[in-house]
1. Evaluate the relative contact order of the chain (contact order divided by residue number), counting alpha-carbon pairs under 8 angstrom at least 6 apart; express in whole percent.
2. Output the Cα-based Rg and Dmax of the chain in Å, rounding Rg to one decimal and Dmax to a whole number.
3. Pop a pseudo-label 7 angstrom from the Cα along the beta-carbon direction at both LEU288 and LEU110 and give the gap in nm to one decimal.
4. Spin-label point model (7 Å from Cα, Cβ direction): what's the ARG65 to PHE46 distance in nm?
5. Set the Förster radius R0 to 45 Å, insert the Cβ-Cβ distance between PHE307 and ALA219 as r into 1/(1 + (r/R0)^6), and round the FRET efficiency to 0.05.
6. Residues of the range 212-254 with the amide nitrogen closer than 14 Å to a label point 7 Å from the Cα of LEU139, along Cα-to-Cβ, please.
7. What distance in nm separates the simple spin-label points at ARG208 and TYR156, each placed 7 Å from Cα in the Cβ direction?
8. Debye sum, Cα scatterers, the range 264-306, no solvent: what log₁₀ I/I(0) at q = 0.14, 0.15, 0.16, 0.28 1/Å?
Amino acid sequence: MTDTRITIASRSRGRPIPPPPPPRLQPASLARKPRLGDILIRILLFGCALISILTTVGIVLALGREALRFFQTPGVTLGGFFGLADPRWLPEVGVYSIWPLLGATLRSSLIAMAVALPIGLCAAIYLSEYASPRARGILKPTLEVLAGVPTVVYGYFALTFMTPLLRSAFGVDTVQIYNVASAGLVMGVMIVPLISSMSEDALSAVPRGLREGAYGLGATRLETSLRVVVPAAMSGIIAAVIVGVSRAVGETMIVAIAAGAGPNWTVNPFLAAETITGHIARISGGDLAFDTIQYDSIFALGLVLFFFTLGLNLLARAFIRRFQEVYE
């Protein structure tokens, strides 16, 4: 025992003995252990997303198959469908230019956005920047009540109230009973809750620090709202506008009741004209034989409308990615 101690001391004389290495610890796993409820909810959400995608694909395939039958009809070409040589929609006699229907759709949508955009944006700015919490709690649900009104009620409101109002203002000889202007104005009233709600959410998401910084520099509340908050929320506002346009383009009952029941190639909003959705609603409700050119044309128009709204939604996403502001 004594010899062993002397040997160890002699070996370690002049240099320290290194401490033994610490035991290696395995890193603790911070991942949450999967539970059966979480797995089932994830599967349910994935199934819902998959069903929505498959539904969209099914709609496109159904429209495309029937629209292909229309374009395979002898004498029907894409050049005639989108051509301006003879802008009339009379497929039964071989004239099938989409521009009378598309022109009425665009006119009614532009009129609707001319009403909905300023009113909705001003309402959003007031609710976000000026209204007290109590006033916001009262006004916002009241404004959103307009979104719950059935569109057929809006259609008869346009026919029985807006049209007589326009005829009394501009003359009976100028404004027809069925006209695009009254339908577009009432559509704008219908879209106001959509524009105001989405814009108000975008404005409320702007950090409070930007407002306080503007106030610290001496800006008024109006200057802060228009020059700081609105530009910061521009991506959400643009998305709201494009979604509103899509809503106006796809509206059916208002234009079917108040705009007119016949394609008309004109730029006068006070004349009767038929939109794409109104034409589909009118023709599909009649006695059409299967595999006729009038029946197949409905699906071609629906496919054009689908891709038009799809393009607007993709444009909205592109604007959001381009102008979106990210704050820490």
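1. Working: 419 pairs, mean separation 76.3, N = 328.
Dividing the mean separation by the residue count of the chain yields 23 percent.
2. Values for the chain (Cα only, Rg and Dmax): 31.9, 128 Å.
3. 2.8 nm
4. Reported label-point gap for ARG65 and PHE46 is 2.9 nm.
5. Details: r = 44 Å, r/R0 = 0.98.
It comes to 0.50.
6. Residues passing the 14 Å test: 222.
7. 4.8 nm
8. -0.38, -0.43, -0.48, -1.00
No value in this document is a laboratory result; all are computed from the given coordinates. Not measured: the values here are computed from a predicted model. Methodologically, a virtual Cβ is constructed for each residue, glycine included, from the backbone with ideal geometry; neighbour enumeration extends over all protein chains shown.
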